[in-house]
Every structure is written in C-alpha cells, then in structure tokens.
Amino acid sequence: MTEQQHYSASHKKGFKGFEGVLLFVVLGLSWQLTTTMLPLSNTSLYPTPAVTFKALLDSLPELLKGTWSSFLILVPGYLLAVVLGALWGIVAGSVGWIHRAFDPFAKVAAPIPPTVYIPYAIALMPTFRVSAILVVFIGAFWPVFVNAAAGAASVPLHYRDNAGILGFGRFEYMRRVVFPAALPNIFSGMAVGLALAFILLTVAELFGANQGLGRFVQYYADYADYPRMVAGILYTGMVTFAAMALLDFVKRRVLFWVR
C-alpha cells in the first residue's frame, strides 16, 4: 500500500460515521431553535431538549422497568420467528414440492399487516403477554422466511452435484451447503423482522399492556405530560437502535467472509 493509499484509508476510517453524528447535531439544534425562538401557541406541546432530557433522567427507573417488560415479549416472539422462519424457509427454498405448496399461501399471508391481528389475538389468548408474543412472532416470521427461502433457492445447482460427489446426504447438504449460503439472506430478513417486531410490540402495548415502552408513551400522552412522552419516544428509539446495532455486530461476526 502506498503512502497516499494509507492516508486515504486512515482518513476514511477516522471520519466513519461523521455524517450521522452531524445529522443528529443539526436535528438537535433545530429542535432547540424551534422550541425557544418561534412563537408557539402551546409551549407544553413542544418541550425543549433540556426539559425532555430532564424528564428522561427522572423517568429512567420506570423506563428500564418498561424495557424489561417489553423484552419479555419481544425476545421470545422474535427468536421463535427467527428459528422457525429460517428452518422452514430453507426447506421451502430447497425442496421443490414444498415450495410449490407453500408459495401461494405465503403470497397471501405475508402482505397482511400484522397489526390487524392485535385485537383478535388479545381477545383469543389467555393473557396479553401471550397475545403480544404471537403478534411479534407473526410480524417477524415472514421477512425471515421469505429471505431464507430466497437464499436457499439461489444456491447454484452445481453445489448440489459437488455435495453428491462428496457423499453428502440430504441433511448434511442442507447443514453444510444450503444454510451457510442462505445466511446473508437470513440476516437481512432478521433485520427487517427485528424492526417490525419493535413496531408491533409498541402498538400492541398501546392496546392493553400495564407496562412497557409503548404503554409508557401512551400513559403520559393521556395525561398531557408531553416532556415524558417525548422522552419515552426518544428512549424507545435508542433501545431499537441498540438492538439493531447488536444484530449488525453479530452479523459481521458470523458472516466474516462477506465484506
């Protein structure tokens, strides 16, 4: 590597993420200017960053408790969706008759917005938590399934021929050839599914939860405590960002051959 190339690489590495930080700074300044300089008719609806940050700190114990409650719903539903979606997607993408049988149903069921299931799931299931887990599962399942099936179906045919020459059986071929080849697609589906899971979790908590991140926002909105409501929205965004960043970290570790 020449000195110029080394400088260019170091320069890019040093400024990685700078644009994102700059955007947050601009948004923060715009928020501050909007709430302090413009004549707003109802200032309680437009809390300043300082007021919102104070509300966030004051509400932190309640928010942490709500995070735990939300994750008791999110984690089981999401993990179950990932496991079943990936397994069934790989099978459907690899076995022709299963793909032909399941594809029409998937094309009908997958586009249905999972939020429409929430009222019926709450009425059908014995507890709110079980119904919310079900809704999160449905929402996260389809992106994982569709991407896993697409990844498995895209495996070149000569891979199967080579696996046959090496003496691989059906299960070993799936495990050692199809699954690794489909992993990039599976992780793409997991990212979409995780984002949907957070959306559905929050919406479900607006319907009938006693605690949780969505319930926190709804509760303080009902009482017109807008600084705490905005703080809850920002906190939910930070939790979602942290979860997505963790998934991206795992993806980069697992897919070490993909750069």
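Here region 175-237 and region 93-146 have alpha carbon centers that stand 17 Å from each other. Each residue of region 245-256 was assigned a 3J(HN,Hα) from its phi angle through the Karplus expression (A = 6.51, B = -1.76, C = 1.60, θ = phi - 60°), giving 5, 5, 4, 5, 5, 4, 4, 5, 6, 6, 8, 5 Hz with x at Gly and Pro.
Taking 7 Å steps out from each Cα toward its Cβ at VAL26 and ALA181 produces label points 4.4 nm apart. Taking the average, over residues, of other Cβ atoms within 10 Å as the packing measure, peptides 148-154, 249-255 rank 148-154, 249-255 from highest down. When the chain is treated as a Gaussian network with alpha carbon springs shorter than 10 Å, the biggest mean-square fluctuation among PHE198, PHE145, PHE241 belongs to PHE241. Put simply, when 68-81, 48-61 are sorted by average Cβ atoms within 10 angstrom per residue, most first, you get 68-81, 48-61.
Using the Cβ-Cβ distance between ASN210 and PHE53 with R0 = 25 Å, the FRET efficiency computed as 1/(1 + (r/R0)^6) comes to roughly 0.40.
Summing charges over neighbours of ARG215, with a neighbour being any other residue whose Cβ is under 12 Å away from its Cβ, gives -2 when K and R count +1 and D and E count -1. Against the chain, whose longest principal axis is taken from its Cα atoms, helix 96-109 shows a tilt of about 20°.
Computed from the Cβ-Cβ distance with R0 of 45 Å, the FRET efficiency linking ARG100 to ARG253 stands at 0.80. Given a 10 angstrom Cα cut-off, can you work out which residue in ARG160, ARG228, ARG129 is the most mobile in a GNM of the chain? Looking only at ARG160, ARG228, ARG129, the largest GNM fluctuation is found for ARG160. Each peptide among 134-144, 85-95 gets the average number of other Cβ atoms lying within 10 Å of its residues, and from highest to lowest they stand as 134-144, 85-95.
Bear in mind that the values in this text are calculations on the coordinates, not laboratory data. In this text the structure is predicted, and so the values were computed from the model without any measurement. With ideal geometry, Cβ positions are generated from the backbone for all residues, glycine too; neighbour counts draw on all protein chains shown.
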